Amino acid sequence: AGKAFRKFLPLFDRVLVERCAAETVTKGGIMIPEKSQGKVLQATVVAVGSGARGKDGEIHPVSVKVGEKVLLPEYGGTKIVLEDKDYYLFRDGDILGKYMD
C-alpha cells in the first residue's frame, strides 16, 4: 500500500481511508450473504493532507493520523481506486470519530 501513496497525497483537510472488511460470519458461526451485509463504517486512515487554512490565514492540522481507526458517516466520501484497491476520500470534518486503543 505504501507505493500507491507516493503517487497520491490528499490536499488540504482531506483524509484517505481504507474501509475495513465486512464480517461474513456471525459470532455463532452463521454465514452472512453479501446482500445482507451492511455498509462498513469503520476504516483505517492511510494518508492525510496538510490541513485547512483558516480565516486568520494559519493552517489548522488534520485531527487524525495515518494508521488510526475512524468511524465514517453512512453516506459521503469519494471513491478512489489505486492499484486495484478501493479507497475513500473524506474531509476531516466529515469523520465522526476515532477509536482509541
Considering the stretch 1-12, residues that are closer than 15 Å to Tyr88 by Cβ and open to solvent by less than 70 Å² (accessible area, probe 1.4 Å), and then whichever is modelled with the highest pLDDT, we arrive at Pro10
TODO: Determine whether the stretch 84-93 contains at least one residue that is out of contact with any Gly (no Cβ under 7 Å at 6 or more places or on another chain), within 15 Å of Phe8 (Cβ to Cβ) and without any contact (Cβ under 8 Å) to a residue 12 or more places away in the chain.
DONE: yes
Taking the stretch 86-101 and keeping residues loosely packed, with under 11 Cβ neighbours inside 10 Å and among the acidic types (Asp, Glu) leaves Asp86, Asp101
Taking the stated definitions as given, is Glu83 open to solvent by 90 Å² or more (accessible area, probe 1.4 Å), in contact with a helix residue (DSSP H, G or I) (Cβ under 9 Å, 6 or more places away or on another chain) and not polar (S, T, N, Q)?
yes
Checked pairs for the stretch 66-80, first without any contact (Cβ under 8 Å) to a residue 12 or more places away in the chain and in a strand (DSSP E or B), second of a type in the set (A, V, I, L, M, F, W, C) and exposed (fewer than 11 other Cβ atoms within 10 Å of the Cβ), C-beta under 7 Å and 6 or more apart or across chains, list as none
Within the stretch 13-26, restricting to residues that are more than 30 Å from Gly54 (Cα to Cα) and assigned to a loop (DSSP other than H, G, I, E, B), the one that is modelled with the highest pLDDT is Cys20
Within the stretch 27-65, restricting to residues that are assigned to a strand (DSSP E or B) and either touching an Asp or Glu at 6+ places or on another chain (Cβ under 7 Å) or closer than 13 Å to Pro10 by Cα (or both), the one that is modelled with the lowest pLDDT is Ala52
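The values are calculated or read from the model by the stated rules, or taken from the named source; none is laboratory data. As the structure is a computational prediction, the values presented were derived from the model and not from experiment. For neighbour counting, all protein chains shown are included, and Cβ atoms are generated from backbone atoms with ideal geometry for every residue, glycine included. Quick note on the areas: whole protein, heavy atoms, side chains included, nothing else; ligands and nucleic acids left out. Shrake-Rupley method; radii C 1.70, N 1.55, O 1.52, S 1.80 Å.
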